[in-house]
Amino acid sequence: MKTTTKLSTGAGYSLLELVVVLGIILIMGAVALPGILGFRQEAALVGAAQGFKAQFMRARSLATSKNTQTAIRFETDADGTPMYSTYIDGNFNGVYSSEITAGIDTRIAGPFRLDAGQTGVIVGVLPDVPAPDGGKLGSEPIRFGNSRMVSFSPIGTGTPGTFYLRTKSTMAGVRVTGGSARVRIMILRGKRWIDRQG
C-alpha cells in the first residue's frame, strides 16, 4: 500500500505581491543611496585629514622636545601628485626652502600623499563654494603662504594656513590656527562648513 503526502500551496505569494515588494525595496534603496554615498565620501575626507593631523602633531612634538624648529612642506612628486614632508632645522635659523634644497635642513618624515591614498579624494576645491569665513573660496587648495610650509617653533607655536580636499560632491578643509597651532578639520555640508572633531 502506497502513501502520498500532499503539499499545501495556499500559503504562497503571487507574482504581483513579489513585484510590489521588490518595487518598495528598490524605492527605499534609491532614497537611502545618496546618504550612504555622502557618508562614505565624508569618511574618506576625514581619514585623509586625520592622516595629516597625525604627522602635524608629530612634527610639533619634535620641535618642542628637541628645542628646534620643524616644518611640514607641501610638495609635488614627479607625477604632480600633492605630497608633504617633514623637515628639521639643520643650522638653528629656521627651516627654509633654499636650505632644504642645499641639504642643510633635512627631511625626517615623508613624503606622504596629501590625500592619504583615500579613494576618490583629491587635493582641490569645488566650484562656487563659500569660504568658511564668508565670501568665495577661490580655486587654490593649499594656502600656507609662498613657502607652502607650516613651521613649528620650540615653544609649540605654528604658522597658520589651510588646505582643502574634495570628492565629487563635498569638501574638507584642514586649518592650522596661528599661535596655538591647533588643527581644525572642517566638512562642507551643503553650503555650510561644520567643525568636525577628531
Mind checking which residues of the range 49-67 are in contact with a Gly (Cβ under 9 Å, 6 or more places away or on another chain) and not small (Gly, Ala, Ser)? 50, 53, 55, 56, 60, 64
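Could you please find all residues in the range 143-153 being assigned to a strand (DSSP E or B) and surrounded by fewer than 17 Cβ atoms within 10 Å (Cβ to Cβ)? Spell out the reasoning first.
Going residue by residue through the range 143-153, those that are assigned to a strand (DSSP E or B) are 143, 149-152.
The answer is 143, and nothing else.
Yes or no, residue by residue, for (1) of a type in the set (Val, Ile, Thr); (2) outside any loop (DSSP other than H, G, I, E, B); (3) more than 30 Å from residue 95 (Cα to Cα); (4) open to solvent by less than 50 Å² (accessible area, probe 1.4 Å):
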{"site": "125", "(1), (2), (3), (4)": "yes, no, no, yes"}
{"site": "155", "(1), (2), (3), (4)": "yes, no, no, no"}
{"site": "172", "(1), (2), (3), (4)": "no, yes, no, yes"}
{"site": "175", "(1), (2), (3), (4)": "no, yes, no, yes"}
{"site": "186", "(1), (2), (3), (4)": "no, yes, no, yes"}
One residue is enough: does the range 48-70 have a residue meeting the conditions in contact (Cβ under 8 Å) with a residue 12 or more places away in the chain, loosely packed, with under 15 Cβ neighbours inside 10 Å and either hydroxyl-bearing (Ser, Thr, Tyr) or part of a loop (DSSP other than H, G, I, E, B) (or both)? yes
Hey, among the residues in the range 143-156 that are at pLDDT 90 or above and of a type in the set (A, V, I, L, M, F, W, C), which one's farthest from residue 75 (Cα to Cα)? 155
Which listed residue is modelled with pLDDT under 90 and small (Gly, Ala, Ser), from 120, 103, 124: 120
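Going by what's in this entry, would residue 192 be described as open to solvent by 40 Å² or more (accessible area, probe 1.4 Å) and either within 12 Å of the chain's Cα centre (by Cα) or acidic (Asp, Glu) (or both)?
On the way: open to solvent by 40 Å² or more (accessible area, probe 1.4 Å): yes; either within 12 Å of the chain's Cα centre (by Cα) or acidic (Asp, Glu) (or both): no.
Considered against the rule, which asks whether it is open to solvent by 40 Å² or more (accessible area, probe 1.4 Å) and either within 12 Å of the chain's Cα centre (by Cα) or acidic (Asp, Glu) (or both), residue 192 comes out as no.
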Got a number for residues in the range 111-123 being outside any strand (DSSP E or B) and surrounded by 17 or more Cβ atoms within 10 Å (Cβ to Cβ)? 5
Going through the range 1-40 one residue at a time, which ones are closer than 30 Å to residue 175 by Cβ and either at pLDDT 75 or above or acidic (Asp, Glu) (or both)? 40
Please go through the range 72-110 and pick out each residue that is open to solvent by less than 40 Å² (accessible area, probe 1.4 Å), charged (D, E, K, R) and part of a strand (DSSP E or B). 75
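The values are calculated or read from the model by the stated rules, or taken from the named source; none is laboratory data. As the structure is a prediction and not an experimental result, all values here were calculated from the model. In this analysis, Cβ positions are derived from the backbone assuming ideal geometry, glycine residues included, and neighbour counts consider all displayed protein chains. Accessible surface is based on the protein model in full, side chains and every heavy atom, while ligands, DNA and RNA are left aside. Shrake-Rupley method; radii C 1.70, N 1.55, O 1.52, S 1.80 Å.
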